Amino acid sequence: MKDPNCFYCEDGEKRRSLMKEICKIGNATLYLNRDQKHKGRCVLKYEDHVTDISKLTVQQNQVFFESLRQVAAALEALFSPDKINYAIYGDTVPHLHVHIVPKYKGGLQWGGPFDDSVPRQEPSEEEVDKLINMIRGQLQKQHAI
């Protein structure tokens, strides 16, 4: 089910200005965040308009979090982050999604939560597509998609 008033469900210009689809995986869609101040930052969105993990069945939850694990493994293989931070909010965008944020020792916001108070770093469209192809290729290599 979709909610026409939902940022993720409507798949409109606002969503496309912030992130670009990488692929479908499991019961979700993976996006590359256009702001790459944390190299490899992605968002994994549940396929239907669900507002919280408590609304998923056990099976749906297993598929979703296995997809999240596979994405994390791909990002680790590609970018060798020292840690990946995960965030599930939903106060202002109530559609189940997880921010996947690779972080690097000595790098931006290491040792604390990531946030968007730091100016955006948006690579060119060509660079965005290159990152998308790298991540999609790694997921294919892992047989995740």
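So here's what we get for this one:
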| quantity | calculated |
| --- | --- |
| Student exercise, region 1-71 dipole from Lys, Arg, Asp, Glu Cβ charges, in Debye to nearest 20 | 400 |
| Stretchable slack from residue 92 to residue 121, in nm (0.36 nm times residue separation minus alpha-carbon distance) | 8.2 nm |
| Charge sum, other residues only, whose C-beta stays under 15 Å from residue 26's C-beta, Lys/Arg counted +1 and Asp/Glu -1 | 0 |
| Assigned charges on the beta-carbon of Lys, Arg, Asp, Glu; region 88-145 dipole about Cα centre (debye) | 380 |
| The chain, accessible area per residue, ligands and nucleic acids excluded (1.4 Å, Å²) | 54 |
| Dipole-positive endmost among 38, 59, 73 within region 31-76 (Cβ charges, Cα centre) | 38 |
| Label-point separation in nm, residue 58 to residue 108, each point 7 Å along Cα→Cβ | 4.2 |
| Check: the chain dipole with +1 on Lys, Arg Cβ and -1 on Asp, Glu Cβ, in debye | 380 |
| Accessible carbon and sulfur surface of region 19-108 relative to its total accessible area, %, 1.4 Å | 50 |
| Helix-only [θ]222 nm of the chain, DSSP H runs n ≥ 4, -39500 (n - 2.57) each, per residue, nearest 500 | -10500 deg cm²/dmol |
| Exceeding the 25 Å Cα-Cα cut-off - candidates 2/103; 83/130; 24/55; 2/130 | 2/103; 2/130 |
| Rounded D (µm²/s) - the chain, Kirkwood Rh over Cα pairs, Stokes-Einstein at 20 °C, 1.002 mPa s | 138 |
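The values are calculated or read from the model by the stated rules, or taken from the named source; none is laboratory data. No experiment lies behind these values; they were computed from the predicted model shown. Methodologically, a virtual Cβ is constructed for each residue, glycine included, from the backbone with ideal geometry; neighbour enumeration extends over all protein chains shown. Note: areas computed on protein heavy atoms with side chains; ligands, DNA, RNA excluded. Shrake-Rupley method; radii C 1.70, N 1.55, O 1.52, S 1.80 Å.
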